[in-house]
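The values are calculated or read from the model by the stated rules, or taken from the named source; none is laboratory data. Worth saying up front: this structure is predicted, and the values here are computed from it rather than measured. Reconstructed Cβ throughout: ideal geometry from the backbone, glycine too, with neighbour counts over all protein chains shown. The protein model used for the area step is the full one, side chains on, heavy atoms only, and it has no ligands, DNA or RNA in it. Shrake-Rupley method; radii C 1.70, N 1.55, O 1.52, S 1.80 Å.
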Amino acid sequence: MPTCSLCHAEDASPVAVAPRTDSVLLCATCRAGVETGPEDTPHWRCLNDAIWSEDPAVKVLAWRLLKALPGAPWARDLLDMAYLDPDQQAWAEAGIAETPAVVHRDCNGAVLQQGDTVTLIKDLPVKGAGFTAKRGTAVRNIALVPDNAAHIEGRVEGQRIVILTEFVKKA
């Protein structure tokens, strides 16, 4: 019975490692992690061995899975130690899907853009500034926080503040 190239579980089937036609044998658990992204569970500790595999396709797939676990310190450490030759590195990076851009939406689901004007839908106490931003206040020329879809920045009463998108509507 074929075994998984990553975790050595039984009942594995071949999966292509895009963009090349090389394939590796994966069990159902590893296949799900490749398709939907792995979660930091003990199962993925198998990557400690897989990243050092002699098979380039296994090594590339292990690198991609480790890269998909940015919140796991052990995965970051292993990525720092791992070496892929330039050809394997290019292959590994070519198969990673582009991360979708962060989309900022107001309380009604309307997409917010840099420079838009929004209106506050609730009184918001501004921490550290000693005032409350009143409901109905227009915030002009907002700035989008690039790595957090829930935050925007704008000026209220002369203070630059961070505002949660759930408390604004597009004007």
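Given the conditions (1) at pLDDT below 95; (2) in contact with a helix residue (DSSP H, G or I) (Cβ under 8 Å, 6 or more places away or on another chain); (3) under 30 Å from residue 30 (Cβ atoms), and given that residue 58 satisfies all but one, which numbered condition is not satisfied?
Failed condition: (1).
Any residue in region 28-44 that is closer than 12 Å to residue 75 by Cα sitting within a Cβ distance under 7 Å of a residue that is surrounded by 17 or more Cβ atoms within 10 Å (Cβ to Cβ) and aliphatic (A, V, I, L, M)? List the pairs, counting only those 6 or more apart or interchain.
38/65; 38/68; 38/69; 40/69; 40/72; 44/65; 44/69
Are any residues in region 133-148 open to solvent by 40 Å² or more (accessible area, probe 1.4 Å) and within 15 Å of residue 105 (Cα to Cα), and if so, which ones?
Across region 133-148, the qualifying residues are 144, 146, 147, 148.
Has region 89-111 got at least one residue that is charged (D, E, K, R) and in contact with a Pro (Cβ under 9 Å, 6 or more places away or on another chain)?
There is no residue in region 89-111 that is charged (D, E, K, R) and in contact with a Pro (Cβ under 9 Å, 6 or more places away or on another chain).
Going through region 26-52 one residue at a time, which ones are open to solvent by 30 Å² or more (accessible area, probe 1.4 Å) and part of a loop (DSSP other than H, G, I, E, B)?
Within region 26-52, 37, 39, 40, 41, 52 qualify.
Residue-by-condition table, conditions (1) in a strand (DSSP E or B); (2) surrounded by 14 or more Cβ atoms within 10 Å (Cβ to Cβ); (3) modelled with pLDDT of 90 or more:
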residue: 24; (1), (2), (3): yes, yes, yes
residue: 79; (1), (2), (3): no, yes, yes
residue: 98; (1), (2), (3): no, no, no
residue: 107; (1), (2), (3): no, yes, yes
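Here are some conditions: (1) aliphatic (A, V, I, L, M); (2) open to solvent by 40 Å² or more (accessible area, probe 1.4 Å); (3) under 30 Å from residue 164 (Cα atoms). Residue 120 meets all but one. Which one does it not meet?
(2)
Please give the number of the condition residue 129 fails out of (1) surrounded by 14 or more Cβ atoms within 10 Å (Cβ to Cβ); (2) under 28 Å from the mean Cα position of the chain (by Cα).
(2)
Between a first residue in region 95-119 that is farther than 13 Å from residue 152 by Cβ and a second residue that is open to solvent by 60 Å² or more (accessible area, probe 1.4 Å) and modelled with pLDDT under 95, which pairs have beta carbons less than 7 Å apart while being 6 or more apart in sequence or on different chains?
Partner pairs satisfying both residue conditions: 95/19; 96/67.
Scanning region 81-96 for residues that are aliphatic (A, V, I, L, M) and open to solvent by 30 Å² or more (accessible area, probe 1.4 Å), which turns out modelled with the lowest pLDDT?
Checking each candidate, the answer is 96.
Please list, ordered by first then second residue, the pairs with beta carbon atoms under 9 Å, 6 or more apart or interchain, first in region 144-171 and small (Gly, Ala, Ser), second open to solvent by less than 40 Å² (accessible area, probe 1.4 Å) and part of a loop (DSSP other than H, G, I, E, B).
Note: pairs meeting the criteria are 149/104; 150/104; 154/142; 171/116.
Kindly indicate which of 69, 164, 124 is among the hydrophobic types (A, V, I, L, M, F, W, C) and under 30 Å from residue 46 (Cα atoms).
Exactly one residue qualifies, and that residue is 69.
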